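One structure below.
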Amino acid sequence: MSKNIHIPIPARSALIKLGNDINSARRRRRITKALMAERAGIAINTLTRIERGDAHASMAAWASVIFVLGLTENLRDLADPAKDLLGLMLDEERLPKRIRPKRNAI
């Protein structure tokens, strides 16, 4: 995988925050890095990269760690259309102002 992928600054910041949150959640649960890595089926260095917000760790590794923490529901809802405020606003703008019956309709 190429490490020359451009990651927008807001996305990078979000991954760093997510990594920090994962680190905090693991420590609150009193799970060692070794045990977390074992449960997630990843190497300890991959877990360390995730907790630092490394965008090059695989999505599967991130998802496995989130699963071990019991936070899979949050991942499932990440791009939920019902929570996409911008998408909902754009849909609302595209609604017709009025609806006319077809000329041949009864």
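The values are calculated or read from the model by the stated rules, or taken from the named source; none is laboratory data. These numbers come from a predicted model, not from an experiment. In this analysis, Cβ positions are derived from the backbone assuming ideal geometry, glycine residues included, and neighbour counts consider all displayed protein chains.
Below is a table of values for the structure above.
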| read-out | value |
| --- | --- |
| Entirely in segment 28-76, the helices (runs of 4 or more DSSP H) that have 2 or more residues that are modelled with pLDDT of 95 or more | 33-40, 44-51, 59-68 |
| Of all residues making up segment 47-69, the number that are among the polar types (S, T, N, Q) and farther than 14 Å from T32 by Cα | 2 |
| Candidate set: segment 67-88, residues that are among the aliphatic types (A, V, I, L, M) and farther than 20 Å from G41 by Cβ; chosen: the one surrounded by the most Cβ atoms within 10 Å (Cβ to Cβ) | L88 |
| Residue list for segment 37-48, filter: crowded, with 17+ Cβ neighbours inside 10 Å and either under 14 Å from the mean Cα position of the chain (by Cα) or in contact (Cβ under 8 Å) with a residue 12 or more places away in the chain (or both) | A40, I42, T46, L47 |
| Residue tally, condition surrounded by 10 or more Cβ atoms within 10 Å (Cβ to Cβ) and at pLDDT below 85, over segment 89-106 | 1 |
| Selected residue [of a type outside the set (D, E), exposed (fewer than 13 other Cβ atoms within 10 Å of the Cβ) and under 12 Å from the mean Cα position of the chain (by Cα)] from A60, A55, A34 | A60 |
| Extreme residue, surrounded by the most Cβ atoms within 10 Å (Cβ to Cβ), among residues of segment 5-31 that are under 17 Å from L69 (Cα atoms) and charged (D, E, K, R) | R26 |
